[in-house]
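To start, the structure itself, in structure tokens.
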Amino acid sequence: MRTRPLKVALLGCGVVGSEVARIMTTHAGDLAARIGAPVELAGVAVRRPSKVREGIDPALITTDATALVKRGDIDVVVEVIGGIEPARTLITTAFEHGASVVSANKALLAEDGATLYAAAERHGRDLYFEAAVAGAIPLIRPLRESLAGDKVNRVLGIVNGTTNFILDRMDTAGAGYSEALDEATALGYAEADPTADVEGFDAAAKAAILAGIAFHTRVGLDDVHREGITEVTSADLASAKRMGCTVKLLAICERAADGRSVTARVHPAMIPLSHPLASVREAYNAVFVEAEAAGQLMFYGPGAGGSPTASAVLGDLVAVCRNKLNEATGPGESAYTQLPVSPMGEVVTRYHISLDVADKPGVLAQVATVFAEHGVSIDTVRQKGRQDGNGEAALVVVTHRAPDAALSGTVEALRKLDTVRGVASIMRVEGE
Ligand code: HSE
């Protein structure tokens, strides 16, 4: 074993960074044996230097992250500060000055992964980011390496723990959205500003990363159709239950049937209770991967939190350190297929539509005609007259598979009918 240690600079020492530092210290012997050389924490860049950080030598703390990544003797930079800047500049500067990078930064990888990959390649360094998607769950390495000889056609998963917790509470405890969000906040799952999670931005960034790797093409954040869970109601959950389904916020990346394009989307969807994703409870994540030769694979586990995310970071750190010792690099960007990303309108799936309609003769036929005119075939219809005698009925239509654009056209036309008093909800049905 080499005795000269590999030097690691840590950018950020919050929930994840402090756990990375702790495991590096407590498991130093095992890490050295697995890598073939000791790893040493050579510097820790933080915003608040006065904060007491147990187990970290205060002499390592600095507020000058730029100077740290420019030192020239750093082998690996671990970036766990998040956000676009200064993370992007720090990472590219690290590559220029001889370091490889392990990052947990999903937002940056989704927005500008190409710049990072290009900089890593230019300087012959590694860029690893297992922790950016689904916390501890090994997903990036299986897609980049284990499945590199197969053809992935679909990635379907729950990649945001906060929203899964909220939807799970709405489903199992009958809680309303606000009540479930309050509980998620009290338990520390949801941030004080929950927008990134509940509006689907976090899941969309993860979908962009997964789609790019799975289909060997570039998929940016703007290519991902995004809808959050703020409009999901208790009535939607009840309706799902009646259909033998539940509601999940899904990230879905698919190769088109003709293989010439891909799609990536994040939105709430009904899935059958028999689907394995339906039993993913609380803040857990799970991702289904469908590949031509492998068939269906499912990855499940904790998708957030200090320790699980640190586990993924440490796994990358070991891999990058091994590469350094072997004077090799791991896989870089693979975007050779250059498949275009199709708009949401071209996605083909099933729909569950709840309408409030006038309860009088001919209305059902009128509604059915609108579906037919837009080429959307109806699978089932359920109607229930309201007990309050206001002359309205609740109509629930479930369709066969149809393009999203055809469904949008249908709904637009339905809204124009005098007999349709309101479109209470539209939800896609997946996983069948
Ligand atoms: N906020 C994310 C979640 C974890 O709730 O899953 C970090 O990606």
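The values are calculated or read from the model by the stated rules, or taken from the named source; none is laboratory data. Note that the structure is predicted; figures quoted are calculated from it, not measured. A quick note on method: Cβ atoms are made from the backbone with ideal geometry, for glycine too, and the neighbour counts reach across all protein chains shown. Surface accessibility is based on the protein's heavy atoms, side chains included, excluding ligands, DNA and RNA. Shrake-Rupley method; radii C 1.70, N 1.55, O 1.52, S 1.80 Å.
Report yes if some residue within region 312-334 is of a type in the set (G, A, S), under 30 Å from E121 (Cβ atoms) and within 16 Å of the ligand (Cβ to nearest atom); otherwise report no. Yes, some residue in region 312-334 is of a type in the set (G, A, S), under 30 Å from E121 (Cβ atoms) and within 16 Å of the ligand (Cβ to nearest atom). Of all residues in region 293-313, those that are assigned to a strand (DSSP E or B) and within 14 Å of G157 (Cα to Cα) total 7.
If the condition is being within 16 Å of the ligand (Cβ to nearest atom) and open to solvent by less than 40 Å² (accessible area, probe 1.4 Å), then region 134-160 contributes A134, G135, A136, I137, L139, I140, G157, I158, V159, N160. Collect the residues in region 318-334 that are outside any loop (DSSP other than H, G, I, E, B), over 19 Å from P142 (Cβ atoms) and open to solvent by 40 Å² or more (accessible area, probe 1.4 Å), keeping them in residue-number order. Once the filter is applied, which keeps residues that are outside any loop (DSSP other than H, G, I, E, B), over 19 Å from P142 (Cβ atoms) and open to solvent by 40 Å² or more (accessible area, probe 1.4 Å), region 318-334 yields K324, L325.
Restricting region 161-177 to residues that are open to solvent by 10 Å² or more (accessible area, probe 1.4 Å) and either within 19 Å of D316 (Cα to Cα) or not in a helix (DSSP H, G or I) (or both), the residue that is farthest from the ligand (Cβ to nearest atom) is G174.
One residue alone among A203, A118 is open to solvent by 10 Å² or more (accessible area, probe 1.4 Å) and either away from the ligand (no atom under 12 Å from the Cβ) or small (G, A, S) (or both), and that residue is A118. Right, G220: closer than 19 Å to A110 by Cβ and either surrounded by fewer than 24 Cβ atoms within 10 Å (Cβ to Cβ) or within 16 Å of the ligand (Cβ to nearest atom) (or both) or not? Taking the combined requirement at face value, the residue satisfies it.
Every condition in (1) within 19 Å of R350 (Cα to Cα); (2) crowded, with 23+ Cβ neighbours inside 10 Å is met by A283 except one, and the failing one is (1). The single condition among (1) within 16 Å of the ligand (Cβ to nearest atom); (2) modelled with pLDDT under 95 that V198 does not meet is (2). Given (1) touching a residue at least 12 places away in the same chain (Cβ under 8 Å); (2) assigned by TED's automatic domain parsing to the domain that holds T172, where does Q296 come up short, assuming only one miss? Of the numbered conditions (1) touching a residue at least 12 places away in the same chain (Cβ under 8 Å); (2) assigned by TED's automatic domain parsing to the domain that holds T172, the odd one out for Q296 is (1). Just one of the listed residues (V44, V15, V102) is in contact (Cβ under 8 Å) with a residue 60 or more places away in the chain and within 27 Å of G124 (Cα to Cα), namely V102.
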